[in-house]
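Trainee: Pasting in a structure now, in structure tokens, and then I'll have a few things to ask.
The values are calculated or read from the model by the stated rules, or taken from the named source; none is laboratory data. Remember, it's a predicted structure, so these values are computed and weren't measured experimentally. Here the Cβ positions follow ideal geometry from the backbone for every residue, glycine too, while neighbour counts run over all protein chains shown.
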């Protein structure tokens with residue numbers, strides 16, 4: 001049964017902190033880093049005010065934060081943390097351990113560019129850099145989505161078919177610090193939806209000793225990796241099941257991606273994060289001019305919904321694949337690599353042009369979107385040759 005919404009105005013960081021208050025995890029180790037610092041700060045205030053009984057662990061680094069999260073989750077405690085950019089990079093070794101140990105930790109990642117050059121603004125180089133660490137990754141367009149995604153994260157991670165950690169990602173400053181209208185859920189339905197964490201195996205279980213993170217010899221390690229990969233494959237089904245339950249509670253629908261005005265689109269922009277809102281605005285304006293354009297906003301990057309993306313794009317003539325991250329391969333960004341590979345494997349043949357945009361907070365506007373759609377149309381209808389890997393908004397010498 002859908003719950004009556006509680007209408008508020010909040011930043012993305014406030015929305016996450018509110019969701020944390022409602023979930024009331026057992027443990028939160030964290031180290032401050034812009035632009036995620038507000039989240040542990042707000043949770044600390046909730047703890048001081050007696051609003052939650054979460055155990056907050058101040059640590060000396062982000063590496064230590066994830067180490068502490070691994071320890072507490074292994075002991076049977078529901079655990080979360082938050083970080084950004086270089087903080088995630090400092091966790092690198094521990095990210096892989098958390099996933100391979102099959103620990104359902106939830107990490108809020110407020111996306112920020114990785115150095116260098118030193119910059120504190122948004123792009124997806126931190127999350128994309130960690131794409132192969134074994135974590136589920138879910139991205140949000142706006143404050144409402146990051147709140148909703150966070151609440152869904154725990155039942156996804158803790159499902160017996162999955163038991164993997166989850167990153168809930170939002171764009172630094174763009175959503176994390178900007179205030180928007182948001183519909184919150186009442187506390188009790190959220191608590192009922194998330195449920196009580198009751199792990200089958202944990203370190204502090206008297207009479208049933210286990211080992212966490214033991215050395216794995218060659219005869220066993222490959223099978224462990226395959227089991228981990230199967231869990232990621234299982235996560236796809238669980239993500240949709242949890243989304244369906246969430247829709248019944250909230251009235252808000254989620255899937256692997258959102259198809260926006262794609263029903264008859266000849267040209268599509270595939271994009272993640274807050275810039276999807278810019279793309280939607282441009283599409284609305286172009287639709288008024290009779291242009292058949294649409295947006296595919298990817299929400300779930302891991303597990304990667306290859307078949308579903310190919311199905312969604314099969315009737316399009318061309319797609320612009322938008323990466324907010326440079327992969328330094330001379331060909332395209334990480335999203336471009338995976339989408340084009342998926343199209344090929346599923347025998348979907350259309351023009352695919354890869355664009356890099358918004359690095360380190362560079363502006364991305366509706367004018368850029370319209371120019372991209374214009375280039376796709378010229379490519380298909382006029383046979384005009386355009387670079388299949390290019391930057392948007394790049395300053396160059398005249």
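Trainee: Let me confirm something: among 11, 85, 67, which residue is assigned by TED's automatic domain parsing to the domain that holds residue 139, touching a helix residue (DSSP H, G or I) at 6+ places or on another chain (Cβ under 7 Å) and at positive phi?
Mentor: Within the list 11, 85, 67, the selection yields 85.
Trainee: Within the range 363-387, track down each residue that is touching a residue at least 40 places away in the same chain (Cβ under 8 Å) and assigned to a loop (DSSP other than H, G, I, E, B).
Mentor: 364, 365
Trainee: In this structure, does residue 212 turn out to be in contact (Cβ under 8 Å) with a residue 40 or more places away in the chain, farther than 21 Å from residue 353 by Cα, buried (at least 17 other Cβ atoms within 10 Å of the Cβ) and not assigned by TED's automatic domain parsing to the domain that holds residue 372?
Mentor: Spelling it out, it is not the case that residue 212 is in contact (Cβ under 8 Å) with a residue 40 or more places away in the chain, farther than 21 Å from residue 353 by Cα, buried (at least 17 other Cβ atoms within 10 Å of the Cβ) and not assigned by TED's automatic domain parsing to the domain that holds residue 372.
Trainee: What are the residues in the range 170-186 that are crowded, with 24+ Cβ neighbours inside 10 Å and either without any contact (Cβ under 8 Å) to a residue 24 or more places away in the chain or outside any loop (DSSP other than H, G, I, E, B) (or both), if any?
Mentor: Passing the criteria: 170, 171.
Trainee: Run residue 390 past the list (1) in contact (Cβ under 8 Å) with a residue 40 or more places away in the chain; (2) assigned to a strand (DSSP E or B) and report the number of the one that doesn't hold.
Mentor: Every listed condition holds for residue 390 apart from (1).
Trainee: If I ask for residues that are surrounded by fewer than 18 Cβ atoms within 10 Å (Cβ to Cβ) and touching a helix residue (DSSP H, G or I) at 6+ places or on another chain (Cβ under 6 Å), which ones from the range 104-138 would you list?
Mentor: 119
Listed here are the residues, each with its yes/no results for (1) in the same structural domain as residue 287 (by TED's automatic domain parsing); (2) surrounded by fewer than 16 Cβ atoms within 10 Å (Cβ to Cβ); (3) touching a residue at least 60 places away in the same chain (Cβ under 8 Å); (4) touching a strand residue (DSSP E or B) at 6+ places or on another chain (Cβ under 7 Å).
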position	(1), (2), (3), (4)
231	no, no, yes, no
236	no, no, yes, no
243	no, no, yes, no
261	yes, no, no, yes
268	yes, no, no, yes
273	yes, no, yes, yes
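Trainee: Assess whether residue 352 counts as being surrounded by 18 or more Cβ atoms within 10 Å (Cβ to Cβ) and not in a helix (DSSP H, G or I).
Mentor: So residue 352 passes the test.
Trainee: If you don't mind, another one. Scan the range 305-332 for residues that are over 25 Å from residue 364 (Cα atoms), in a loop (DSSP other than H, G, I, E, B) and touching a strand residue (DSSP E or B) at 6+ places or on another chain (Cβ under 9 Å) and jot them down.
Mentor: 305
Trainee: Continuing with the same structure: Which of the residues spanning the range 280-301 are in contact with a strand residue (DSSP E or B) (Cβ under 6 Å, 6 or more places away or on another chain) and outside any strand (DSSP E or B)?
Mentor: Correct list: 280, 283, 286, 299.
Trainee: Residue 277 fails exactly one of the following numbered conditions: (1) assigned to a helix (DSSP H, G or I); (2) in contact with a strand residue (DSSP E or B) (Cβ under 8 Å, 6 or more places away or on another chain); (3) within 19 Å of residue 174 (Cα to Cα). What is the number of that condition?
Mentor: Just one mismatch for residue 277, condition (2).
Trainee: Determine whether the range 150-160 contains at least one residue that is within 19 Å of residue 18 (Cβ to Cβ) and out of contact with any strand residue (DSSP E or B) (no Cβ under 9 Å at 6 or more places or on another chain).
Mentor: Within the range 150-160, one or more residues are within 19 Å of residue 18 (Cβ to Cβ) and out of contact with any strand residue (DSSP E or B) (no Cβ under 9 Å at 6 or more places or on another chain).
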